[in-house]
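I have placed the structure first, in the form of structure tokens, so that the comments after it can refer back to it.
The values are calculated or read from the model by the stated rules, or taken from the named source; none is laboratory data. Since the structure is predicted, the reported quantities are computational estimates derived from the model, not experimental observations. All Cβ positions, glycine included, derive from the backbone under ideal geometry; neighbour counts span all protein chains shown.
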Amino acid sequence: MAKLILTHEVTGLGAAGDVVEVKDGYARNFLLPRGFALTWSKGGEKQVEALKAGRAAREHASVEAAQAQAQALSAKPVRLVVKAGQSGRLFGTVKAEDVAKAVEAAGLGSIDKRKVELPAHIKSTGSYTANVRLHDDVAAVIDLDVVAGK
């Protein structure tokens, strides 16, 4: 078992700054190469505090504020205009950053792109859903309308 400090939020494992124990292969082949974690050391405790402070600055001040934004996000679909061919196939894929920018452009507040979870690669126009973790206790489902444009 490898003891690691998470540098990013990993679904099903923990949030940035958490100290976790995972199997050696998962650490060596997935978490460490992608930069999602650092190996744990006594000096790493300072890094944990810095990560938690950064996470606290990005999070909503309260659960109520996060719930209010979650209701606003769930209330109406977010329109995402992307380059696409005549058949509706996109030139590329929709990324979490694109969703975060579309939410902000729709006037629904700003969200962190690292908190957006897309169900799969979105490669064609249509309707999709995405999950957003606004707070430890609050998640929202966003309806996305991917349309051709630009």
Flagged pairs (Cβ under 6 angstrom, 6 or more apart or on separate chains; first in the range 138-150, farther than 30 Å from Glu64 by Cα; second surrounded by 15 or more Cβ atoms within 10 Å (Cβ to Cβ) and among the small types (Gly, Ala, Ser)) are Ala148/Ala84
Considering only the range 106-149, state which residues are surrounded by 14 or more Cβ atoms within 10 Å (Cβ to Cβ) and small (Gly, Ala, Ser). Ala106, Gly109, Ser124, Ala130, Ala139, Ala140, Ala148
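On the basis of being assigned by TED's automatic domain parsing to the domain that holds Leu134 and exposed (fewer than 15 other Cβ atoms within 10 Å of the Cβ), does Lys23 make the cut?
No, not satisfied.
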Which residue out of Ala53, Ala16 is closer than 18 Å to Arg114 by Cβ and in contact with a His (Cβ under 7 Å, 6 or more places away or on another chain)? Ala16
Could you tell me whether the range 105-123 includes any residue that is small (Gly, Ala, Ser), closer than 19 Å to Ala75 by Cβ and in contact with a strand residue (DSSP E or B) (Cβ under 6 Å, 6 or more places away or on another chain)? yes
Give just the number: which of (1) of a type outside the set (Val, Ile, Thr); (2) surrounded by fewer than 16 Cβ atoms within 10 Å (Cβ to Cβ); (3) modelled with pLDDT under 75 does Glu64 not satisfy? (3)
